[in-house]
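Visitor: One structure follows; several queries about it will come next.
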Amino acid sequence: MRKVITYGSICILLLLSAVLYKFCSVIMADSVDYTPSDWLAYRLLTPNEIKNAPHFSDVVMLHFRAADGPSPQSSQIEYAGQADIVAIQRYLVAIGYHETDDPVMGKMWIKGDSDNGAFITQTTDSTKLTFIE
């Protein structure tokens, strides 16, 4: 009976160690590329602006970049192909962003008087909505 308890305790300890390792690797990462089906990364890293953003296709990639020195934290949703930019712009207005000019990106969306911003970029392969803090 004592061996069963010992081996059971060791198995539980190993399982908890693996879970803790995975949790820490997601939380402490400088950058993570993931999909909505990556349960842990999605729950821990995805801001509500991305979670509630319109989804135009099943092929969606999410990107997270942690703040690094003067570089801001960014979260990005990448749609496969040409997504409806007008729908994305309506979504940004609905959550309190307004359009302004940016010398680098052209158009930038700012939320109120905060430093939070958003960019919409589109290529022939994908459309990206990026939020920066």
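Where a number appears in this text, it was derived from the coordinates with a stated rule and is not lab data. As the structure is a prediction and not an experimental result, all values here were calculated from the model. Glycine gets a Cβ as well: all are built from the backbone with ideal geometry, and neighbour counts include every protein chain shown.
Visitor: Given the rule -39500 (n - 2.57) for each run of at least 4 DSSP H residues, summed and divided by the residues of the chain, what is its mean residue ellipticity at 222 nm, to the nearest 500 deg cm²/dmol? Could you put the intermediate results ahead of the total?
Guide: Values: 4 runs with 47 residues, N = 133.
It lands at -11000 deg cm²/dmol.
Visitor: Give me the dipole magnitude in Debye, nearest 20, for the chain about the Cα centre, with unit charges on the beta carbon: positive for Lys and Arg, negative for Asp and Glu. Could you put the intermediate results ahead of the total?
Guide: Working: 10 positive and 15 negative charges, 184 e Å.
Dipole of the chain, to the nearest 20 debye: 880 debye.
Visitor: Please name which of 57, 34, 132 has its Cα lying farthest along the dipole of the chain towards the positive end, using unit charges on Cβ (Lys, Arg +1; Asp, Glu -1) and the Cα centre as origin.
Guide: It is 34.
Visitor: Using 0.36 nm times the number of residues separating residue 16 and residue 82, minus their current alpha carbon distance, what extension gain do you get?
Guide: Values: separation 66, 0.36 × 66 = 23.76 nm, distance 4.28 nm.
Full extension from residue 16 to residue 82 adds 19.5 nm.
Visitor: Counting pairs of alpha carbon atoms under 8 Å apart in space and at least six apart in sequence, what relative contact order in percent does the chain give?
Guide: Dividing the mean separation by the residue count of the chain yields 18 percent.
Visitor: Follow-up question, since we're still on this one. Quick one: 65, 90, fewest Cβ neighbours within 10 Å first, how do they rank?
Guide: 90, 65
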